[in-house]
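J.: To start, I am sharing the structure in question, which I have written as structure tokens.
Every read-out reported here was derived from the displayed coordinates using simple, explicitly stated rules and does not represent laboratory data. Keep in mind the model is a prediction, meaning the values are calculated, not measured. Glycine also receives a Cβ, built like all others from the backbone with ideal geometry; neighbour counts cover every protein chain displayed.
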Amino acid sequence: MDKVTMTETIIATKLERNLTWETMGNDLGMSPVWLTSACLGMNSAPKEKATAIAEYLGLGEDVASALEAYPTKIWDQTVPTDPLIYRLYEIVGVYGPTLKEVIQEKFGDGIMSAIDFSMDIEKIEDPKGDRVLLTMNGKFLPYKSW
């Protein structure tokens with residue numbers, strides 16, 4: 001089974017069982033953000049997590065194997081049109097140079113890892129309109145000189 005078929009199977013089962021990523025993550029003891037990314041095919045899952053996800057959803061070894069497979073991360077090179085994804089793209093477009101300047105001023109010349117990385121998404125209730133709290137936590141990787 002390839003990652004696309006795996007994702008379609010997982011999402012169909014999730015919808016059929018009326019599950020949320022939050023519920024699945026809590027039940028499995030996994031970060032809902034990481035779990036979602038793995039189920040959407042953007043991260044590989046260690047064997048024990050892949051097996052737990054497949055068993056939780058009542059899916060077979062073929063899904064567990066696909067969850068374990070290393071992904072090829074390819075996304076469109078054009079500006080995204082989905083409004084939520086576009087707004088994140090817009091944030092990086094507007095604030096990307098600012099983030100780079102501030103991070104490098106504080107840490108030195110380098111980058112934030114997207115491998116040694118975690119992310120959390122929270123809902124903050126507000127009478128003026130609920131807020132999204134997006135926390136990204138990545139290890140700083142300095143550029144080496146030789």
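J.: Report the extension gain between D130 and D62 in nm, rounded to one decimal, defined as 0.36 nm multiplied by the number of residues separating them, less their alpha carbon distance. Numbers along the way, then the final one.
T.: Numbers: separation 68, 0.36 × 68 = 24.48 nm, distance 3.98 nm.
Extra length from D130 to D62 when fully extended: 20.5 nm.
J.: Then there's this: For the stretch 134-146, in order, what is each residue's ³J(HN,Hα) by Karplus, 6.51 cos²θ - 1.76 cosθ + 1.60 with θ = phi - 60°, in whole Hz (x at glycine and Pro)?
T.: Result, rounded to whole Hz: 10, 10, 10, 10, x, 5, 7, 10, x, 6, 8, 10, 9.
J.: While we're looking at this one, here's another question. List the lysines whose Cα sits under 24 Å from the Cα of K139, skipping any in the same chain fewer than 8 residues away.
T.: Within the straight-line limit of under 24 Å, K139 reaches these lysines: K49, K73, K100, K106.
J.: Using the Cβ atoms and a cut-off under 12 Å, what net charge is assigned to the surroundings of M112, where Lys and Arg are +1 and Asp and Glu are -1? Display every interim value, and only then the final one.
T.: Details: positive: K100, K106, K139; negative: D116.
Counting the neighbours of M112, the net charge comes to +2.
J.: Listed highest first by mean packing, meaning other Cβ atoms within 10 Å per residue, what order do 84-92, 121-129 come in? All intermediate terms of the calculation are to be shown ahead of the outcome.
T.: Values: 84-92: 11.8, 121-129: 8.0.
Highest-to-lowest ranking by the protection proxy: 84-92, 121-129.
J.: So which chymotrypsin sites (Phe, Trp or Tyr not before Pro) in the stretch 1-82 are both in a DSSP loop and have at most 14 other Cβ atoms within 10 Å of their Cβ? Working shown, then result.
T.: On the way: sites: W21, W34, Y56, W75; in loops: W75.
Loop-located and lightly packed - W75.
J.: Hydropathy at least 0.0 by Kyte-Doolittle, axial extent at least 18 angstrom from the Cα trace: which helices of the chain, defined as entire DSSP H runs, fit? Present the calculation step by step, with values, prior to reporting the outcome.
T.: Numbers: long enough: 3-16 (19 Å, 0.22); 83-107 (32 Å, 0.22).
Flagged H segments are 3-16, 83-107.
J.: Using alpha-carbon pairs under 8 Å, 6+ residues apart, how would you state the relative contact order of the chain in percent? If you can, show how the numbers build up before the last one.
T.: Values: 142 pairs, mean separation 25.8, N = 146.
RCO, the chain: 18 percent.
J.: Given contacts defined as C-alpha pairs under 8 Å and at least six residues apart, what's the relative contact order of the stretch 3-68, whole-number percent? Provide the component values of the computation, followed by the final result.
T.: On the way: 59 pairs, mean separation 23.5, N = 66.
Relative contact order, the stretch 3-68: 36 percent.
J.: Moving to a separate point now. Over the Cα atoms of the stretch 1-137, what is the Rg over Rh ratio if Rh follows Kirkwood?
T.: Working: Rg = 17.4 Å, Rh = 17.2 Å.
That ratio is 1.01, to two decimals.
J.: If you don't mind, there's one more thing I want to ask. Considering only Y95, G60, M136, whose Cα is most displaced toward the positive end of the charge dipole of the chain, charges sitting on Cβ of Lys, Arg (+1) and Asp, Glu (-1)?
T.: Value: Y95.
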